[in-house]
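The values are calculated or read from the model by the stated rules, or taken from the named source; none is laboratory data. As the structure is a prediction and not an experimental result, all values here were calculated from the model. Cβ: placed from backbone, ideal geometry, glycine included. Neighbour counts: every protein chain shown.
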Amino acid sequence: MSSTAEKQLHLVSFDVPWPANYGGVIDVYHKIRALHQKGVGVHLHTFEYGRGMQHELQNVCASVTYYKRDLSKTNLFRNLPYIVCSRYSEELNNRLLEDNYPIFLEGLHTTMLLTDRRFEGRRIVVRTHNIEHEYYHNLASAETKFLKKYYFANEARKLERYEKVLEKAGAIVAISRKDAAYFNSRYNNVHFIPAFHPHQEVKILPGKGSYVLYHGNLSVNENHSAVKYLLDEVFKDLDVPFVIAGLNPPQWLTNMATSMPNVTLLPNPDDETLNGIIQNAHINLLVTFQATGLKLKLINTLYNGRYCLVNDKMLSGSALDELCILSNGPESIKQQIRRLMRREFTSREVARRATKLQQMYHNGHNTRKLIEIIFGEPENQAFSTL
């Protein structure tokens, strides 16, 4: 697809951003879509390592170019982080040097070109999806297999050393307020723009539901810890229906859910089914033990579900505190569940939710801010905690 758009932009993605079905690529795809709707010609450069070429991307991009990610084990023994050096491409660099369009790099993963002197003076903006070394330290802590644990810990050390490459970026766009504060203490021209997402309006059903819902990717260690905690510490002696939904649950979870009369496990629901059970739940319970990045399922829940009960690490700089009920510790969570199950979610609360989300998480407003950052902005637009 060629573009006659007035503004042209190279966007380099760490993974093929379609289908938009996991955290990082949800932000990437809906950002591209929003920029396209504002008339920006996005030239997408994406690393491919299993998701394949996706025709859908031609509908929102001026051009799409794929590069094979180098997954060879030799990259594990380099001084650079594996997530970075496995995404280096001289072909990509040469293509970017054919013009002078601004470059938008998705994640620390794609920033190796900042070390190339040929790009000095070029407008390059980095979207940080996490404080990556913290994220990998957390993965190492949660991992039980020795070799994986060693890999995550080693990658965390490399990422912490490597991060100062961001000094060479023209601007940094953080995904959460917590991350923005961290990067602002170390680098210049830091901005906070929350995650882009597919939601145009809230679709919350007023009234009452009959169950509490936890949903997430059930093949991920982080979510294993959360579900096991909720089953062992909260619902073992709480007489409230509890539904767990998500991708690829492990056998131990299937066994555990089957043994508890108040627990229902829904493996691998499609999008329509998942949205339905989020809408019909009375409480969406979101717990995590990793205060990293922004949990996009929190945004999804707030647009579609009634009460949202979370622990403090789930909020992690999202600026959504006032729309959630905060609860830490099993006894506090039980108390809040009992209290909320007796309350109706009113039309007034739906309206309040819609107003707040419109203020901060509206894709249109955030796209205008992003365009100012990429193509030239007033000096007073730099980092603020909003």
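Checked against (1) part of a helix (DSSP H, G or I); (2) closer than 24 Å to ILE193 by Cβ, HIS45 meets all criteria but (1). No other residue among LEU265, LEU302 is free of Cβ contacts under 8 Å to residues at least 24 places away in the same chain and of a type in the set (A, V, I, L, M) apart from LEU265.
When GLY121, GLY107 are checked against the criterion of being closer than 18 Å to TYR187 by Cα and without any contact (Cβ under 8 Å) to a residue 24 or more places away in the chain, a single residue qualifies: GLY121. When the stretch 321-351 is filtered for residues that are modelled with pLDDT under 95 and part of a helix (DSSP H, G or I), the ones remaining, listed by number, are ASP321, GLU322, LEU323. Of LYS295, LYS356, LYS369, all but one fail to be under 17 Å from the mean Cα position of the chain (by Cα) and either of a type in the set (Lys, Arg) or assigned by TED's automatic domain parsing to the domain that holds LYS31 (or both); the exception is LYS295.
Against the list (1) more than 26 Å from the chain's Cα centre (by Cα); (2) buried (at least 18 other Cβ atoms within 10 Å of the Cβ); (3) β-branched (Val, Ile, Thr), the condition THR74 fails is (2).
In the set (1) modelled with pLDDT under 95; (2) surrounded by fewer than 19 Cβ atoms within 10 Å (Cβ to Cβ); (3) touching a helix residue (DSSP H, G or I) at 6+ places or on another chain (Cβ under 6 Å), the condition left unmet by LEU139 is number (2).
Looking at ASN79, ASN100, ASN75, just one residue is under 30 Å from ARG157 (Cα atoms) and either in a strand (DSSP E or B) or without any contact (Cβ under 8 Å) to a residue 40 or more places away in the chain (or both), and that residue is ASN75. Whether a residue is surrounded by fewer than 17 Cβ atoms within 10 Å (Cβ to Cβ) and part of a helix (DSSP H, G or I) was assessed, and ASN93 passes this test. Per the conditions (1) touching a Phe, Trp or Tyr at 6+ places or on another chain (Cβ under 7 Å); (2) at pLDDT below 95, the sole criterion not satisfied by MET314 is (1). Can you name every residue in the stretch 48-72 that is more than 15 Å from ALA20 (Cβ to Cβ) and in a loop (DSSP other than H, G, I, E, B)? TYR49, GLY50, MET53, ALA62, ARG69, ASP70, LEU71, SER72 - these are the residues of the stretch 48-72 that are more than 15 Å from ALA20 (Cβ to Cβ) and in a loop (DSSP other than H, G, I, E, B).
With respect to the conditions (1) out of contact with any helix residue (DSSP H, G or I) (no Cβ under 7 Å at 6 or more places or on another chain); (2) surrounded by 12 or more Cβ atoms within 10 Å (Cβ to Cβ), CYS61 falls short on a single one, namely (1). The residues of the stretch 141-180 that are of a type in the set (Phe, Trp, Tyr), over 21 Å from ASN223 (Cβ atoms) and either without any contact (Cβ under 8 Å) to a residue 40 or more places away in the chain or in contact with a strand residue (DSSP E or B) (Cβ under 7 Å, 6 or more places away or on another chain) (or both), listed by number, are PHE146, TYR150.
Of all the criteria given as (1) surrounded by fewer than 19 Cβ atoms within 10 Å (Cβ to Cβ); (2) in a loop (DSSP other than H, G, I, E, B); (3) at pLDDT 95 or above; (4) not aromatic (Phe, Trp, Tyr), the one not satisfied by ARG87 is (1).
From the list GLY23, GLY50, pick out the single residue that is touching a helix residue (DSSP H, G or I) at 6+ places or on another chain (Cβ under 9 Å) and within 30 Å of TYR150 (Cα to Cα). Checking each option against the conditions leaves just GLY23. For the stretch 164-174, the count of residues that are modelled with pLDDT under 95 and farther than 21 Å from LEU296 by Cα is zero. Of all residues in the stretch 202-225, those being aliphatic (A, V, I, L, M) and closer than 13 Å to ALA245 by Cβ number 3.
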